[in-house]
1. Exactly one of (1) touching a residue at least 24 places away in the same chain (Cβ under 8 Å); (2) more than 41 Å from the chain's Cα centre (by Cα); (3) in a loop (DSSP other than H, G, I, E, B) is unmet by A271. Its number?
2. From L172, L166, L137, L116, which residue is surrounded by 12 or more Cβ atoms within 10 Å (Cβ to Cβ), in the same structural domain as Q89 (by TED's automatic domain parsing), within 52 Å of the chain's Cα centre (by Cα) and not β-branched (V, I, T)?
3. For segment 95-113, which positions are modelled with pLDDT of 85 or more and loosely packed, with under 15 Cβ neighbours inside 10 Å?
4. If you check I54 against the conditions, is it modelled with pLDDT of 90 or more and outside any helix (DSSP H, G or I)?
5. In segment 274-317, which residues are modelled with pLDDT of 85 or more and touching a Leu at 6+ places or on another chain (Cβ under 6 Å)?
6. Name the single residue that is nearest to the chain's Cα centre (by Cα) among those in segment 67-110 being more than 26 Å from H221 (Cβ to Cβ) and among the aliphatic types (A, V, I, L, M).
7. Among the residues of segment 140-163, which ones are of a type in the set (A, V, I, L, M, F, W, C), within 30 Å of R105 (Cβ to Cβ) and surrounded by 15 or more Cβ atoms within 10 Å (Cβ to Cβ)?
8. Regarding segment 163-171, can at least one residue be identified that is touching a residue at least 60 places away in the same chain (Cβ under 8 Å) and either in contact with a Cys (Cβ under 8 Å, 6 or more places away or on another chain) or in a helix (DSSP H, G or I) (or both)?
Amino acid sequence: MKKVLISVLLMAVVVAAGWCWWTRRHAGDAGELVLHGNVDIRQVSLAFDGSGRITEMRVEEGDQVTFGQVIALLDTRILEIQADQAEAQLDAQREALRKLRNGSRPEEIEQARAQLASSEASAARADQDYSRATNLLATNSGAITAQTVDQRRADAHAARAKVDELRATLQLAVKGPRAEDIASAEAQLKAFEAQLAQLRHQIELGRLQAPADSVVRSRLHEPGDMVTAQSPVYALALTKPKWARVYVSEPDLGKIKPRMEARVFTDSHPARPVSGTVGYISSVAEFTPKSVETEELRTSLVYEVRVVVEDDADTLRLGQPVTVRLLVGRSP
């Protein structure tokens, strides 16, 4: 009888412990609110900004990528050739502008002065020839004709005009280029710089980069495919932020506050909950989604709540069912 009594007591203790465990698992303790929902993660459909032929696809489904990592490439050889041409034009224009800003060299000014002096000497000689011809014609000696005198006069006028031309050339050499010419050359230089920058930017757009730390969900094209800006190449799932989307009924709505602590449990790791905090509480009621398992009727109105989680171990997956326990007994 004593052994039987001990056995009965042991069985009673085991049943009571099991009942307590079951009650705490499905109803939570007095300081917890138990909710059910699914994991939600933001996704990105990643495409090139331009069109062209894919030359490389560097990652596969399930690969983890980091911010700025190049995951695909377009063929940009034509753009690179155009960029080289634009860079050569830019260098030539830069040298032309430097030449204008530096003005005339001292040797060029001295050359202009020498040409002016030579022209002035020629003009003086032409004036002397014209003067002699005029004097001879006045003597009526017949040694010179009126036609010759006219020719000497024309030669003298041409020589003086040449002097005026070379004098103006010397003044321009001394003053240097006009400010308007320098401004025009500067504007042309900026146009070449903008053209080169545009080509380099288009080349850079041929490198598809990950916008954030994420996981590759889908690889939608292969090398050799022609794509446009409307053709997604990869579908990425962001690793942060992650949250559990749960729904709470109106009687329990007043128990939830922003930044309230929470624990998120999964069937895969029931003994390793993920920490989180309440980040969003909807202000509009809606009918309970059919994917949410609650004890209330599915036609009852509930409010959406997002629990932002800190999943450093990356154990939660998109759409995964979870049980959320909110610590309603603690102030956020």
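The values are calculated or read from the model by the stated rules, or taken from the named source; none is laboratory data. For clarity, every value in this text was computed on a predicted model and none was experimentally measured. As a convention, Cβ positions derive from the backbone with ideal geometry for all residues, glycine included, and neighbour counts pool all protein chains shown.
1. (1)
2. Details: L166 fails: within 52 Å of the chain's Cα centre (by Cα); L137 fails: within 52 Å of the chain's Cα centre (by Cα); L116 fails: within 52 Å of the chain's Cα centre (by Cα).
L172 is the lone residue from the list that is surrounded by 12 or more Cβ atoms within 10 Å (Cβ to Cβ), in the same structural domain as Q89 (by TED's automatic domain parsing), within 52 Å of the chain's Cα centre (by Cα) and not β-branched (V, I, T).
3. Initially, segment 95-113 is screened for residues modelled with pLDDT of 85 or more, giving 95-98.
Of everything in segment 95-113, those that are modelled with pLDDT of 85 or more and loosely packed, with under 15 Cβ neighbours inside 10 Å turn out to be E95, A96, R98.
4. Numbers: modelled with pLDDT of 90 or more: yes; outside any helix (DSSP H, G or I): yes.
Judged against the criteria, I54 is a match.
5. The answer is Y303, and nothing else.
6. So the first thing to find is which residues in segment 67-110 are more than 26 Å from H221 (Cβ to Cβ), and the list is 84-110.
Narrowing further to those that are among the aliphatic types (A, V, I, L, M): 86, 88, 90, 92, 96-97, 100, 109.
Working: A86: 22, A88: 26, L90: 24, A92: 30, A96: 33, L97: 32, L100: 37, I109: 51 Å.
This residue is A86.
7. Narrowing segment 140-163 to residues of a type in the set (A, V, I, L, M, F, W, C): 143-144, 146, 149, 154, 156, 158-159, 161, 163.
Filter once more, so that each one left must be within 30 Å of R105 (Cβ to Cβ): 158-159, 161, 163.
If the condition is that a residue be of a type in the set (A, V, I, L, M, F, W, C), within 30 Å of R105 (Cβ to Cβ) and surrounded by 15 or more Cβ atoms within 10 Å (Cβ to Cβ), then A159, V163 are the ones that fit.
8. Here is the first cut: in segment 163-171, the ones touching a residue at least 60 places away in the same chain (Cβ under 8 Å) are 170.
Subset that is either in contact with a Cys (Cβ under 8 Å, 6 or more places away or on another chain) or in a helix (DSSP H, G or I) (or both): 170.
Checked segment 163-171: at least one residue is touching a residue at least 60 places away in the same chain (Cβ under 8 Å) and either in contact with a Cys (Cβ under 8 Å, 6 or more places away or on another chain) or in a helix (DSSP H, G or I) (or both).
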